[in-house]
1. Grab the beta carbon distance between R76 and A55, set R0 = 25 Å, and tell me the FRET efficiency rounded to 0.05.
2. Select one label from [x] 14.7, 49; [y] 17.9, 59; [z] 12.9, 38: the one whose number is Rg and Dmax of the Cα atoms in Å as derived from the coordinates shown.
3. Between L95 and Q37, 0.36 nm times their residue separation minus their Cα-Cα distance comes to what?
4. Quick one: putting +1 on the C-beta of Lys and Arg, -1 on the C-beta of Asp and Glu, what dipole do you get for segment 15-96 around its Cα centre, in Debye to the nearest 20?
5. Rounded to the nearest Å, what's the spacing between the alpha carbon centres of segment 66-99 and segment 1-50? Just the number, please.
6. What distance in nm separates the simple spin-label points at E87 and L22, each placed 7 Å from Cα in the Cβ direction?
Amino acid sequence: MPSARPPTRGYTATKDQLLARLRRIEGQIRGIEGMVQDDRYCIDVLTQISAAQAALDKVALGLLDDHAQHCVIGARSADERERRASELMGSVARLLRRG
């Protein structure tokens with residue numbers, strides 16, 4: 001019985017780097033939690049939240065780029081390319097509406 005291979009995604013080539021970056025962000029979030037537990041100054045906490053958001057934004061932009069290069073441009077048909085481009089723009093719109 002052949003094993004089913006997971007589909008190739010736009011980020012597959014850099015998956016290890018992506019996971020490492022997400023672990024660093026996870027550490028940033030735990031650090032923010034510790035700052036709140038330690039009653040740190042509000043502005044210091046907000047500064048760290050801003051840094052974590054910027055790090056997540058960088059991950060999101062990289063994923064958007066990977067999706068555009070691999071999934072949209074590499075689509076097999078014009079219909080699929082159009083559908084994936086629409087998905088991409090929906091994702092961009094959601095990222096811009098944040099906050």
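1. Numbers: r = 34 Å, r/R0 = 1.36.
That gives a FRET efficiency of 0.15.
2. Only one listed value fits the structure, namely [y].
3. 17.9 nm
4. Here the size comes out at about 220 debye.
5. Their Cα centres are 23 Å away from one another.
6. Spacing of the two 7 Å Cα→Cβ label points: 1.7 nm.
Coordinate-derived values only; no laboratory data. Note that the structure is a prediction, hence the values are computed from the model and not measured. Please note: Cβ atoms are built from the backbone with ideal geometry, for glycine as well, and neighbour counts cover all protein chains shown.
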